[in-house]
1. Quickly run through segment 136-158 and pick out the residues that are out of contact with any strand residue (DSSP E or B) (no Cβ under 8 Å at 6 or more places or on another chain), among the aliphatic types (A, V, I, L, M) and buried (at least 19 other Cβ atoms within 10 Å of the Cβ).
2. Which of the following residues is without any contact (Cβ under 8 Å) to a residue 12 or more places away in the chain and not assigned by TED's automatic domain parsing to the domain that holds GLY385: SER63, SER36, SER26?
3. So which residues in segment 177-198 are within 16 Å of TRP237 (Cβ to Cβ) and at pLDDT 85 or above?
4. Return yes or no: is ARG408 out of contact with any Lys or Arg (no Cβ under 8 Å at 6 or more places or on another chain) and either modelled with pLDDT of 90 or more or under 28 Å from ARG43 (Cα atoms) (or both)?
5. Looking at LEU248, LEU255, LEU267, can you tell me which residue is within 30 Å of THR146 (Cβ to Cβ), part of a helix (DSSP H, G or I) and assigned by TED's automatic domain parsing to the domain that holds LEU114?
6. Given (1) outside any helix (DSSP H, G or I); (2) out of contact with any strand residue (DSSP E or B) (no Cβ under 6 Å at 6 or more places or on another chain); (3) not acidic (Asp, Glu), identify the lone condition not met by GLN133.
7. Which residues, counting only those in segment 424-437, are in a strand (DSSP E or B) and out of contact with any Asp or Glu (no Cβ under 7 Å at 6 or more places or on another chain)?
8. Given the residues ILE256, ILE239, ILE291, ILE282, which is the only one that is loosely packed, with under 15 Cβ neighbours inside 10 Å, in contact (Cβ under 8 Å) with a residue 24 or more places away in the chain and among the β-branched types (Val, Ile, Thr)?
Amino acid sequence: MDDRPVFVTGATGYVGGRLVPRLLASGRRVRAVGRSLEKLACRPWAGHPLVELVKADAMDVASMARAMKGCGAAYYLVHSMNPATADFAKADLQAALNMAAAAEHAGLSRIIYLGGLVPEGPGISHHLASRAQVARALQAGATPVTWLRAAMLLGSGSASFELMRYLVDRLPVMLTPKWVRTKVQPIAIANALGYLEACLDNPDTIGQAFDIGGPEVLTYEDLFRIYAEEAGLRRRWIIPLPFLNVRLSSYWIHLITPVPAALAQPLAEGLSNEVVMHDQRIRQVAPQELIDCRQAIRRALQRIEQQKVETCWHDAGHVLPPEWVYCADASFAGGTILQAALRSRLAAPAHAVWPAVTSLGGEIGWRHAQFLWALRGWLDELVGGVGLRRGRRHPRELGVGDALDFWRVLEVEKDRRLLLLAEMKLPGQAVLEIQLEPLGPDMCELRVIARFLPRGLAGLAYWWAALPLHGYVFKGMASALAKASGAPLLSGPAPFDPTEALSCRLRPGAQG
């Protein structure tokens, strides 16, 4: 076994976040790579003695080459398909070319890539074609590549599973596009991870491409019915409508599930392609007990019920906080940061109030004026935003990079500070910060601060129009947090000037 570290890109993503602990458990040294050290540090395995956390960006070949130095094999688990990427295929291709160049420069022994199962012939979706293009870009480099081609990944937190879960949970009668009868060969996430790990130990897989899939070929309609049975739901009526095209079905997916409109269309296009294994060699090269779809869905539902979802598709985005969030004198900001802030004094220590802060969102909601939060989420969905439907990964725990309704967690400082970045559609950038300042052993100050960097006149108009509602919502939320904590309210909530709280908070060595 090569004793050099294994280089894992996308270590905070859905697959990478689950592969790293498996590699560590087998005694391997791992260099886990991501664009945010803070997000890496929040992973449960971050403190393992065999793991190194390294910041690098696949779009920056120099940073990748530096991060790879001294490593042996590498896993390439990067995917650029997110709402903020206008042309995900172009970004994916460039990232793959950078990976190939950096691997050659660093002298890696091999690359293992998990991509999509791409059908042959015309009519391939843009998304699936992009996955094949990435493989070819990697293979064009000097470092040998193992390409594992998977169809649908079944597991708690995967995009495919979550999409199916929301559709079936929310629609007793489904008027579906014709792709609902497309054949697919799903694979349980545990089996996909098993193949990824097995390839690392098997030299016969170097430079090879393999289809990977589970033991069954089903239709999406079959999967919907199995899910309904395993979830204990009433029978779902599924009615295919031939005239429901890809664009219409992408809007349908977006309205019912947490998948943003920008992602729903390429996903819907891919659902129209039959993705079935034609190459069975992997089962002889790396044999393992395959999990059928019913068992995979049952396991996924059990993990959700037990609140043990390690990684989730909507938490895989990178965390690049705007500079103005940290520094009042932002170099690129030509305008003023607009702020609204309230503070309250509570007769309780900060650690007693903190659980109420970190449980905001999801099923509990925002503790005050929930109808206004729901309205804002609905309006966001109408214009293609994420809305409130993403919920949260865990009802009580928050980590850097977690999705929280239409927010993204930027920073968590236990018992002190929670910083959220708005991912709703806005004419500008917005953050919400909740601070707890200790004032003694049995007293603290609760601060709720909203900040907004407007874009043009539309941004200014939005801020001033929403300001009265912000005051009502955040004042009520502050009072509700005190009540939920059992902390008597000594004063406030009252407005204050938060300028002093906007000092530069960039950590030593951090990069903007």
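1. Listed by number, the list holds a single entry, ALA137.
2. Going through SER63, SER36, SER26 in turn, the sole match is SER63.
3. Pass one, segment 177-198, residues within 16 Å of TRP237 (Cβ to Cβ): 177, 180-181.
Result: VAL180, ARG181.
4. yes
5. Exactly one residue qualifies, and that residue is LEU267.
6. GLN133 satisfies every listed condition except (1).
7. Result: GLY428, GLN429, ALA430, VAL431, LEU432, GLU433, ILE434, GLN435.
8. ILE239
The values are calculated or read from the model by the stated rules, or taken from the named source; none is laboratory data. Values in this document were obtained by computation on a predicted structure and should not be read as measured data. So basically every Cβ, Gly included, is an ideal-geometry build from the backbone, and we count neighbours across all protein chains shown.
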